[in-house]
Amino acid sequence: MNAQRFQPDRLVEQACELAGSDDFGDDDLWRDGLARLCEGLVFEARLNDLGVEIAVRDVVRPLTSRLQIVKWRTENPDVAAQPVTRPIFIVGQPRTGTTILFDLLAQDRALRAPLTWEVDNPYPLPQPETYDTDPRIAETQASIEMSEQIVPGLLAFHPMGALVGQECVRITAGQFCSMIFSVQYRLPSYYRWLLYDADHHPAYRFHRMFLQHLQSGVPGQWLLKSPAHLWQLDALVAEYPDALIVQTHRDPLNVISSISALTYHLRLLASDESSITECATQSCEEIVVGLERGMKLRDALGAQRVVDVQFADFIGDPFATIRGLFADLGRELEPAAEQNMRRYLAAHPGDGGASRYCWADTGLDAGLVREQVSAYRERYGVPDEPLK
């Protein structure tokens, strides 16, 4: 039964019916990723009955969005000519402060972050006059809150909201070349393809299409975020040669234990067989590969392209860090923006995630992992943290 539900042609047909179009654009490279994803959902993901429905939705939604974006672009050819100028990308390992930094910077009204509701439902275009009241906001929020009912405590561990900035992995899902799938679902074959073999350049081309689409409704200088960019800095810069890149740094061992616990909880949305040690093995491989690849890619890019932010410094004095960051980016932290940021931080002091994970749960050898990440820690002066 699951094999039938995840036949790529069947899912494509569903999306075409929803979008009222069958034009996916000139690029057919997304079909390879879709086929690999569907195969993994059938044979590797260990989905329960509810998980099948969730996974079908998670495939049909980006297919539908892709169709809608291509349709709008065809009807309005000037959209393709719109520049995406000097986008700011926050990259770095997961759980290194990228989310709170992203959310704080998004309080600067001069910057434009893609919000969850418009990423999940990009058509019709968002409009300035209804940007905070669009009915899709309530629909998206209801869907998010449903996940809390399935896995109680999930939103405390991983805060989400319709009006919160969304990660780029949700955008590149439309190319089916995205870490969002291999985190949310157990997909060992897909994640290894993604990590070692996939060509990510088409995903960044689609990423630009998505941004052009959204900014044709509500313009602005883009503020973007995803740890996944660290693995693909070459593809990012090839598509956005004037990008401003911010990399956050933290002790990788606490990163691994934290992202392992998050992955474990996310997979419980769709499966009764989530394993934290299996999640930790995948997370460790991804982090080690990502840090090594990131260093090599940064050597090729040149030091001037990337601004480094230490997690410890940011947590210790967030606004001193932000002022320094803005100076490095050639910006000034305006008083109104800082006031908005301080108000946001007071309302969101932290999710207390440290109390919900510990290294012992991972089953990994701390000494071995410290040796694997020693070059990264030495290069960027990343201090040891006590293992939680």
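Just one of the numbered conditions (1) under 24 Å from L18 (Cβ atoms); (2) modelled with pLDDT under 95 is not true of N76: (2). Look at (1) farther than 19 Å from D251 by Cα; (2) surrounded by fewer than 17 Cβ atoms within 10 Å (Cβ to Cβ) and you find that F326 fails only one, number (2). Within the stretch 229-241, residues that are under 12 Å from V306 (Cα atoms) and touching a residue at least 40 places away in the same chain (Cβ under 8 Å) sit with their Cβ atoms under 7 Å from residues that are open to solvent by less than 10 Å² (accessible area, probe 1.4 Å) and of a type in the set (V, I, T), at 6+ positions apart or across chains, in these pairs: L230/V91.
Of all residues in the stretch 276-294, those satisfying the criterion of being more than 19 Å from the chain's Cα centre (by Cα) and either among the acidic types (D, E) or surrounded by fewer than 16 Cβ atoms within 10 Å (Cβ to Cβ) (or both) are T277, E278, E292.
If you go through the stretch 334-353 and keep only what is of a type in the set (G, A, S) and either modelled with pLDDT of 90 or more or surrounded by fewer than 13 Cβ atoms within 10 Å (Cβ to Cβ) (or both), you end up with A336, A337, A346, A347, G350, G352.
Got a sec? Which of T140, T99, T85 is β-branched (V, I, T), more than 16 Å from the chain's Cα centre (by Cα) and open to solvent by 20 Å² or more (accessible area, probe 1.4 Å)? Sole residue among the options that is β-branched (V, I, T), more than 16 Å from the chain's Cα centre (by Cα) and open to solvent by 20 Å² or more (accessible area, probe 1.4 Å): T85. When only residues in the stretch 3-28 that are surrounded by fewer than 17 Cβ atoms within 10 Å (Cβ to Cβ) and farther than 20 Å from P122 by Cβ count, which is modelled with the lowest pLDDT? Step by step, filter the stretch 3-28, then rank; the result is A3.
If you check F319, F326 for being free of Cβ contacts under 8 Å to residues at least 60 places away in the same chain and in contact with a Leu (Cβ under 6 Å, 6 or more places away or on another chain), only one passes: F326.
The values are calculated or read from the model by the stated rules, or taken from the named source; none is laboratory data. Note that the structure is predicted; figures quoted are calculated from it, not measured. Here the Cβ is made from the backbone with ideal geometry for all residues, glycine too, and neighbour counts use every protein chain on show. Remember, those area values only see protein heavy atoms, side chains included, never the ligands or the DNA or RNA. Shrake-Rupley method; radii C 1.70, N 1.55, O 1.52, S 1.80 Å.
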